[in-house]
Amino acid sequence: MNLGSSFDISATGLRAERLRLDTIASNLANASTTRTPEGGPYRRRDVVLVSQALESDFAATIEELSDRGVRQGVAVADVIEDASPPRMVFDPGHPDANRDGFVAYPNVNPVTEMVDLMTATRAYEANVQAVNAAKRMADAALSIGG
């Protein structure tokens, strides 16, 4: 596997984790949104990630298959809405209260979102470290040859 492959794999991870971070930020920002253009409260969103084989030329593919298998990155399959029901809170004075006085709040749990935020941040940092390690290896290889 060449260093370019390492950069490509880490780049897919960085893109995926950045989208996860953006989605989590959106969930936290809308934790109290009771009215959306679609109607009803905001629905929590989650990112679905899948493994993806990275494309390369034919010779590199043959070499990779005979050596270590196909190099894989990660891709975003979809951003889905959480199907769990909204949180019902008794607040008869709220403009979105139903006739029983309950308001449907988003199904966003700030504690869950913060845990997801920490794991996405750690995964992003791990990919940055992998890129930095590949850069150091490339620098070392250049200094050996020079």
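Being modelled with pLDDT of 90 or more and more than 26 Å from Ile9 (Cα to Cα) is true for just one of Asp116, Asp96. Which residue is that?
After applying the criteria, what remains is Asp96.
Just checking, how many residues over region 81-93 are under 34 Å from the mean Cα position of the chain (by Cα), in a loop (DSSP other than H, G, I, E, B) and not hydroxyl-bearing (Ser, Thr, Tyr)?
4
Would you point out the residue of region 94-103, among those that are closer than 21 Å to Arg43 by Cβ and surrounded by 10 or more Cβ atoms within 10 Å (Cβ to Cβ), that is nearest to the chain's Cα centre (by Cα)?
So the residue we want is Val103.
Looking for whichever is within 27 Å of Val128 (Cβ to Cβ) and at pLDDT below 95 here; the options are Arg71, Arg18, Arg45. Which one fits?
Arg71
Looking at region 9-51, which of the residues that are charged (D, E, K, R) and surrounded by fewer than 19 Cβ atoms within 10 Å (Cβ to Cβ) is nearest to Ala97 (Cα to Cα)?
Arg35
Just give me the residues in region 48-68 being among the hydroxyl-bearing types (Ser, Thr, Tyr) and either at pLDDT 95 or above or not in a strand (DSSP E or B) (or both), in sequence order.
Ser56, Thr61, Ser66 - these are the residues of region 48-68 that are among the hydroxyl-bearing types (Ser, Thr, Tyr) and either at pLDDT 95 or above or not in a strand (DSSP E or B) (or both).
Output the number of the condition that Asp78 fails; it satisfies all remaining conditions of (1) in a loop (DSSP other than H, G, I, E, B); (2) free of Cβ contacts under 8 Å to residues at least 60 places away in the same chain.
Result: Asp78 passes all but (1).
The values are calculated or read from the model by the stated rules, or taken from the named source; none is laboratory data. These numbers were taken from a predicted model, which means no experiment stands behind them. For neighbour counting, all protein chains shown are included, and Cβ atoms are generated from backbone atoms with ideal geometry for every residue, glycine included.
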